[in-house]
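Remarks on the structure that follows.
The values are calculated or read from the model by the stated rules, or taken from the named source; none is laboratory data. Nothing here was measured: the structure is a model prediction, and the numbers come from that model. Backbone-built Cβ (ideal geometry, glycine too); neighbour counts: all protein chains shown. Keep in mind that these areas ignore ligands, DNA and RNA; they rest on the heavy atoms of the full protein, side chains included. Shrake-Rupley method; radii C 1.70, N 1.55, O 1.52, S 1.80 Å.
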Amino acid sequence: MTYLKRFLGIITFALCIAAIAGAQENATISGQVTDPSGAAVPDATITVVRASTGEVRTTQSSGAGFFEVSGLAVGSYDLKVVASGFKTFTKTGIVLDTAATVRANAPLEVGSASQTVTVQANTLQVQTDTSMVSSLITGQQISELATNGRSMMALTTLGTGVTNQLPSFNGVTAQGSSAEINFNGMRWDHNNWLIDGGEVYDRGSGGRLGVAVSPDALSEFQLLVSNYTPDYGIASGGTTLMVLKAGTQRFHGGAWYFGRNDAFDAQYFFSKQQNQPSPELRLNIWGFNIGGPVIIPHVYNNERNKTFFFVNEEWRHFIQGANPSVVNTIPAPFFPTAGQDLQYQPLTTNSTTGVPVTLIVPNTTDPAKLALYSADGLVAGRPFPSSSPNVYTIPANLFDPNSVLFMGTGAIPKPNTANGTQVVASPKQPTYVREDVVRIDHHINDKFQLMGHWIHDSMEQTIFPSMWSNDNYYTIGNVFKNPSWGTVVRLSQVLTPTLLNETSFNVNGNTINITPEAAPGASFQQPSGWSAVGIFSGNNALSRLPSIDFSGAPNTNWTTNYWPWRNSYLNYQIRDDLSWTRGVHAFKF
């Protein structure tokens, strides 16, 4: 309900500021009206009707017979041309794609306007009016193409002049996926991503998308590779245009489920070698969508030509075990116990002889430490007493109580392999996504059209070990939460038959919250009785344990990194696009 209130508030705001508002689906029908001799026919009335909604646009041919109808949404259109002394000309099935300019010339025949000449548009249309290099993927192709994990990012690899470094499985989230796609050799973080003309590009994350829209919500997916028009000139790389599905005069919808399960897979080789279970893999994606006219029987929109809606809901649950690896750890007998002496054999060996190093009593000038040494019969700088070759006795009173507490938290895991010095682990890494997509199209009258969409993408991902760290152990990770949103509100104004103004207000943003997460049986927080004071006293949120580096054997690190951490990004665009046809020229400002 909160999201709906926000969406309605944005629409209200846009209506109140009709002087603001941006780049759009941007399709155009242009052509020339001629008589049987090829001469221009001026002042002919051109009517364009969108088949799915009945939306009507009207213009007139210029003195040179030229016409252009711009700012059209994607879909199938019918064209009708009426001029005095000529038969009515109609052309049906003109398919418009996003950012496309389609030529539809109208050769008229002499006769009465009550007579009609009908032409069916060619399904295969060649765009000759611009030099733009692009690749189009239609809604039907999107639904039929098999992409690993249903990632719409993979569709970009089908474009001309596109290279990529994407993994075979690119995850189920926007922030958690790779966007390393190069158009004609340009830098991948110089690309741009638009949905219905509004950015969904998180510039703060180095080229990543703000939302990962469900393929079932898209009607078109187009890649602008080079020579695209200035209204798409924000980025120096490629620009990806996505268009959401819209409601039509008939109700339509669907539901789907996609699943993967490790029960269908062979056992993971390295886990099998260590007699450990394979990493878990569960991917479940389900959702539904519905679109159609907004109707109140006998009260509103009985003709189904005023207001249309489209809603797409999708849930993605992805549970994957962390990629198992063999990690050195402390042998179980060497974990200290409060009040007990420790029989210890050094893990580090002499690099020349391969013999374990001698354990030396640390040098100190601290009188309290020297008194303990004396009571234990130890001498600073001399070896600890040895009960057998290379096995030394460390008195219990020499252990810092905090170190004993630390080793008891499970942060440093005990070995679970046959050699007793290594650990193999694969904790679960669940990812949960819920995506809400709403689009509203409203036909105010023949001169004003209002469109708005709202996308909310809520993601929560658990990652082991900690992100952006050199941590070796899977006992500590983090939860990455990233609610993202994007909205577009656009008002199209047909000021005159040859003058179109489009005003839009586009907003996208997200927040990132990262908090530490302990694996089962481990903790990242200071246990009861902890007394150590860190260097930055008072600046330790969640009472995290300190980072630990083991120099020499086992040569590993444990850290919580610097979580908790928060980042916020907000981007908004206020745009106004004016299209003007004057004689044989078409201008855009």
**Fill in**
Just one listed residue, out of Ser271, Ser226, is of a type in the set (S, T, N, Q), closer than 16 Å to Ser426 by Cα and either modelled with pLDDT under 80 or in contact with a strand residue (DSSP E or B) (Cβ under 8 Å, 6 or more places away or on another chain) (or both), and it is Ser271
**Number of the exception - Thr581 against (1) at pLDDT 85 or above; (2) part of a strand (DSSP E or B); (3) among the hydroxyl-bearing types (Ser, Thr, Tyr)** = (1)
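Can you tell me how many residues within region 197-213 are hydrophobic (A, V, I, L, M, F, W, C) and open to solvent by 10 Å² or more (accessible area, probe 1.4 Å)?
Residues that pass the stated criteria total 1.
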**Prompt:** Can you spot a residue in region 310-317 that is more than 30 Å from Tyr268 (Cβ to Cβ) and out of contact with any strand residue (DSSP E or B) (no Cβ under 8 Å at 6 or more places or on another chain)?
**Reply:** no
**Request:** Starting from residues that are assigned to a loop (DSSP other than H, G, I, E, B) and surrounded by fewer than 13 Cβ atoms within 10 Å (Cβ to Cβ), keep the ones in region 380-406 and report whichever is modelled with the lowest pLDDT.
**Result:** Pro389
**Message:** Whether any residue in region 481-490 is among the charged types (D, E, K, R), open to solvent by 40 Å² or more (accessible area, probe 1.4 Å) and under 30 Å from Ile29 (Cα atoms) is what I want to check.
**Reply:** no
**Message:** Let me confirm something: among Thr487, Thr511, Thr496, Thr475, which residue is among the polar types (S, T, N, Q), on the phi < 0 side of the Ramachandran plot and in contact with a helix residue (DSSP H, G or I) (Cβ under 9 Å, 6 or more places away or on another chain)?
**Reply:** Thr487
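May I ask you to list the residues in region 232-272 that are in contact with a His (Cβ under 8 Å, 6 or more places away or on another chain) and of a type in the set (A, V, I, L, M)?
Filtering region 232-272 for residues in contact with a His (Cβ under 8 Å, 6 or more places away or on another chain) gives 235-237, 244.
Ala235, Leu244, listed by residue number.
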**Prompt:** If you check Ser403 against the conditions, is it among the polar types (S, T, N, Q) and either in contact with a Cys (Cβ under 8 Å, 6 or more places away or on another chain) or over 28 Å from Thr475 (Cβ atoms) (or both)?
**Reply:** no
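Grab the strands (runs of 3 or more DSSP E) fully contained in region 227-314, keeping just those with 1 or more residues being under 26 Å from the mean Cα position of the chain (by Cα) and surrounded by fewer than 16 Cβ atoms within 10 Å (Cβ to Cβ). First the steps, then the outcome.
Working: elements: 239-244, 252-261, 281-293.
It comes to 252-261, 281-293.
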**Request:** Could you check, for region 527-543, whether at least one of its residues is at pLDDT 90 or above and touching a strand residue (DSSP E or B) at 6+ places or on another chain (Cβ under 6 Å)?
**Result:** yes
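Table: residues versus (1) part of a loop (DSSP other than H, G, I, E, B); (2) open to solvent by 20 Å² or more (accessible area, probe 1.4 Å); (3) more than 27 Å from His443 (Cα to Cα).
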site: Val33; (1), (2), (3): no, no, yes
site: Val49; (1), (2), (3): no, yes, no
site: Ala64; (1), (2), (3): yes, yes, yes
site: Ser70; (1), (2), (3): no, no, no
**Request:** Would you please list the contacts, defined by Cβ atoms under 7 Å and residues six or more apart or on different chains, that run from a residue in region 176-188 that is under 15 Å from Asp202 (Cβ atoms) and in a loop (DSSP other than H, G, I, E, B) to a residue that is modelled with pLDDT under 85 and among the aliphatic types (A, V, I, L, M)?
**Result:** Ser177/Met153; Ala179/Met153; Ala179/Leu209
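Suppose we keep only residues that are of a type in the set (D, E, K, R) and closer than 21 Å to Ser579 by Cα within region 87-113. Which one would you say is least open to solvent (accessible area, probe 1.4 Å)?
From region 87-113, those of a type in the set (D, E, K, R) are 87, 91, 97, 103, 109; that's our starting set.
If we keep only those that are closer than 21 Å to Ser579 by Cα too, we end up with 97, 103.
Numbers: Asp97: 35, Arg103: 99 Å².
If we take residues in region 87-113 being of a type in the set (D, E, K, R) and closer than 21 Å to Ser579 by Cα, then Asp97 is least open to solvent (accessible area, probe 1.4 Å).
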**Request:** Go through region 315-326 and give me each residue that's open to solvent by 20 Å² or more (accessible area, probe 1.4 Å) and either closer than 28 Å to Gly253 by Cα or touching a Pro at 6+ places or on another chain (Cβ under 8 Å) (or both).
**Result:** Trp315, His317, Ile319, Gln320, Asn323
**Asked** Can you name every residue in region 431-455 that is over 23 Å from Val74 (Cα atoms) and either of a type in the set (Ser, Thr, Tyr) or modelled with pLDDT under 95 (or both)?
**Response** Thr431, Tyr432
**Request:** Go through Phe318, Phe335 for me and flag whichever is among the aromatic types (Phe, Trp, Tyr), under 30 Å from Ser151 (Cβ atoms) and at pLDDT 90 or above.
**Result:** Phe318
**Asked** Got a number for residues in region 494-521 being open to solvent by 20 Å² or more (accessible area, probe 1.4 Å) and not β-branched (Val, Ile, Thr)?
**Response** 9
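Restricting to region 563-589, name every residue that is over 30 Å from Pro42 (Cα atoms), touching a Ser or Thr at 6+ places or on another chain (Cβ under 9 Å) and open to solvent by 60 Å² or more (accessible area, probe 1.4 Å). Steps first, answer last, please.
Looking only at region 563-589, we keep the residues that are over 30 Å from Pro42 (Cα atoms), and these are 563-575.
Right, trim to touching a Ser or Thr at 6+ places or on another chain (Cβ under 9 Å) and you get 563-569, 573-575.
Correct list: Trp565, Arg566, Ser568, Ile574.
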